[in-house]
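The numbers here are math on the coordinates, done by the rules we state, and not lab data. Model, not experiment: these values are computed from the prediction. Here the Cβ is made from the backbone with ideal geometry for all residues, glycine too, and neighbour counts use every protein chain on show.
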Protein chains: 2
Amino acid sequence: MVHKKNKYWCGCPIRFTMKHFGDKWSFLVVRDMMFKGKKYYNEFLEAGEGISTNILASRLRDLEKHGVISKIRDPEKKSKVLYSLTSKGKELIPVMLAMIEWGSKHDPNTEAPQEFIENLRNNPEKIRQDILKRLE
Amino acid sequence: MVHKKNKYWCGCPIRFTMKHFGDKWSFLVVRDMMFKGKKYYNEFLEAGEGISTNILASRLRDLEKHGVISKIRDPEKKSKVLYSLTSKGKELIPVMLAMIEWGSKHDPNTEAPQEFIENLRNNPEKIRQDILKRLE
DNA sequence: GTAATTAACTTGTAAAAAACAAGTTAATTT
DNA sequence: AAATTAACTTGTTTTTTACAAGTTAATTAC
């Protein structure tokens, strides 16, 4: 039964995706890296979402373990730790964009700029490329 | 501060989306409805994922409250309760498809049929329409 | 060159949520 | 009328999260 369960967890792509980054705080960390250019532990903390220090540490650890983000010493200031999206992490852009499209459509108080949403609808690939470029 | 927090939750489309359906079990319930044609409480329970009865009830309640699914008495057997995706729920198809694409790409043991993934890559709109049709 | 500050955490504990097991209710079906 | 099905609810234990405080190691400020 355990085997069957495990097999299922691995086999279903939605379950697999969720296992790797399908948690409230993981989403927000990835969002901060992907769209807000955040790179440091403190920046994630100060994002104003109210994540606890221990939870943030735990999520960063898990995301790294799963290969979604990587962690290196900042080459400029070696006292800092630099987090960034791996290519596996960057490939989550379409997932995030789909969530942005859905969220902005259904939230009457969305803060997503109308222009961005229109561009996203008309040419998602262009938006994806732009984000990729900014992440280099 | 609470106000600011709330405003933020509403304003960011990713946070908004997650709030409405960004939880492990919500994803799986939506998946079961969207891709596996499940409609009844018992079917979700028996999906083999191991969700607890109270948690399932709670998720169904929340998803309904948020307008992602709807709940009616089954017209055929009025002892049964029929759950289905609202249009708001059906609009999550692109989010789920993006997760499927990511998951199947990175899971070496994916069970997603290669053909489906190829079709998804080549013509996501076609797949979306097919799923919509099946949900009618 | 010592003192304060910054950055990235860890540790302990209380509160909340999830998992597990059992029971309830109302409509069939036998 | 008794058993079964379907959809839950209600305790209780276990796990996770949130909150508060402390640690360490490298700057920066004086």
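Using the Karplus curve 6.51 cos²θ - 1.76 cosθ + 1.60 with θ = phi - 60°, what ³J(HN,Hα) values do you get for each residue of the range B:93-103, in whole Hz, with x for Gly and Pro?
My calculation for the range B:93-103 gives 3, x, 5, 5, 5, 5, 5, 4, 4, 5, x Hz in order.
Going by amide H atoms built from the backbone, whose H comes under 5 Å of the H on B:Leu82, apart from near neighbours?
Answer set, sorted by chain and number: B:Ile72, B:Arg73, B:Asp74.
Extension gain A:Gln129-A:Ala57, at 0.36 nm per residue separation less the Cα-Cα distance, in nm?
22.9 nm
Considering only the label points, 7 Å along Cα→Cβ from Cα, what distances in nm to one decimal separate A:His66 from the same position in each other copy, shortest first?
Copy-to-copy label distances for A:His66: 1.7 nm.
How do A:Thr110, A:Thr86 line up, fewest other C-beta atoms within 10 Å first?
Details: A:Thr110 18, A:Thr86 14.
By the 10 Å Cβ count, ascending, the order reads A:Thr86, A:Thr110.
Could you work out the mean count of beta carbons from other protein chains within 10 Å of each residue's beta carbon in A:18-25? Before the final figure, lay out the partial values.
Numbers: counts 10, 3, 4, 2, 9, 4, 6, 1.
The shielding value for this peptide is 5.
How big is the Rg/Rh ratio for the range A:40-136, C-alpha atoms only, Rh by Kirkwood, two decimals? All intermediate terms of the calculation are to be shown ahead of the outcome.
Details: Rg = 15.7 Å, Rh = 15.4 Å.
Across the range A:40-136, the Cα-based Rg/Rh ratio is 1.02.
Give the Rg/Rh ratio for the range B:14-73, taking Rg as the radius of gyration of the Cα atoms and Rh as the Kirkwood radius, to two decimals.
Details: Rg = 10.9 Å, Rh = 11.6 Å.
Checking Rg against Rh, the ratio lands at 0.94.
What is the percent of Cα-Cα separations in the protein assembly as shown that go past 23 Å? Provide the component values of the computation, followed by the final result.
Details: 20432 of 36856 pairs.
Summing the P(r) of the protein assembly as shown above 23 Å gives 55 percent of all pairs.
If you count, for each residue, the other Cβ atoms within 10 Å and average over each peptide, how do A:62-68, B:71-77 line up from highest to lowest? Let's see the in-between values first.
Values: A:62-68: 17.1, B:71-77: 10.3.
The peptides rank, most packed first, as A:62-68, B:71-77.
Using the charge dipole of chain A (Lys, Arg: +1 at Cβ; Asp, Glu: -1 at Cβ; taken about the Cα centre), state which of A:Leu132, A:Val30, A:Ile72 has its Cα farthest towards the positive end.
A:Ile72
For n ≥ 4 DSSP H runs only, could you compute -39500 (n - 2.57) per run for the protein assembly as shown, divide by its residues and tell me the 222 nm figure to the nearest 500? Display every interim value, and only then the final one.
Values: 18 runs with 177 residues, N = 272.
Value at 222 nm, helices only: -19000 deg cm²/dmol.
How big is the charge dipole of chain A about its Cα centre, in debye rounded to the nearest 20, if each Lys and Arg gets +1 on its Cβ and each Asp and Glu gets -1 on its Cβ?
On the way: 26 positive and 18 negative charges, 168 e Å.
For chain A, the charge dipole is close to 800 debye.
Separation between the B:Lys36 and A:Asn109 pseudo-spin-labels, each 7 Å from Cα along Cα→Cβ, expressed in nm?
Output for this residue pair reads 3.6 nm.
Taking the Cα centre of the protein assembly as shown as origin, sum charge times position over the Cβ atoms of Lys and Arg (+1) and Asp and Glu (-1), and report the length of that vector in debye to the nearest 20. Mind showing how you got there, number by number?
Working: 52 positive and 36 negative charges, 118 e Å.
Using only the charged Cβ atoms, the result is roughly 560 debye.
Read phi for every residue in the range A:20-35 and hand back ³J(HN,Hα) as whole Hz from Karplus 6.51 cos²θ - 1.76 cosθ + 1.60, θ = phi - 60°, with x for Gly and Pro.
Couplings: 8, 7, x, 9, 2, 6, 4, 4, 6, 5, 4, 4, 4, 6, 6, 10 Hz.
Any idea what the dipole of the range A:82-136 comes to, in debye rounded to 20, about its Cα centre with Lys/Arg Cβ at +1 and Asp/Glu Cβ at -1? Walk me through the intermediate numbers first.
On the way: 8 positive and 9 negative charges, 47 e Å.
Value, rounded to 20: 220 debye.
Across peptide A:84-95, how many C-beta atoms of other chains are within 10 Å of each residue C-beta, on average? Numbers along the way, then the final one.
Details: counts 0, 0, 0, 0, 3, 0, 0, 5, 4, 2, 8, 11.
Going residue by residue through A:84-95 and averaging, the value is 3.
³J(HN,Hα) across the range A:121-129 via Karplus (A = 6.51, B = -1.76, C = 1.60, θ = phi - 60°), whole Hz, x for Gly/Pro?
Result, rounded to whole Hz: 6, 6, 8, x, 5, 4, 4, 4, 4.
Taking 8 Å as the Cα distance limit and 6 or more residues as the minimum spacing, I'd like the relative contact order of chain A as a percentage.
Numbers: 98 pairs, mean separation 25.3, N = 136.
That works out to 19 percent.
When the scattering of the range A:97-136 is computed by the Debye formula from its Cα atoms alone, each counted once and equally, what is log10 I(q)/I(0) at q = 0.19, 0.22, 0.28, 0.30 Å⁻¹?
At q = 0.19, 0.22, 0.28, 0.30 Å⁻¹ the computed log10 ratios are -0.54, -0.69, -0.96, -1.03.
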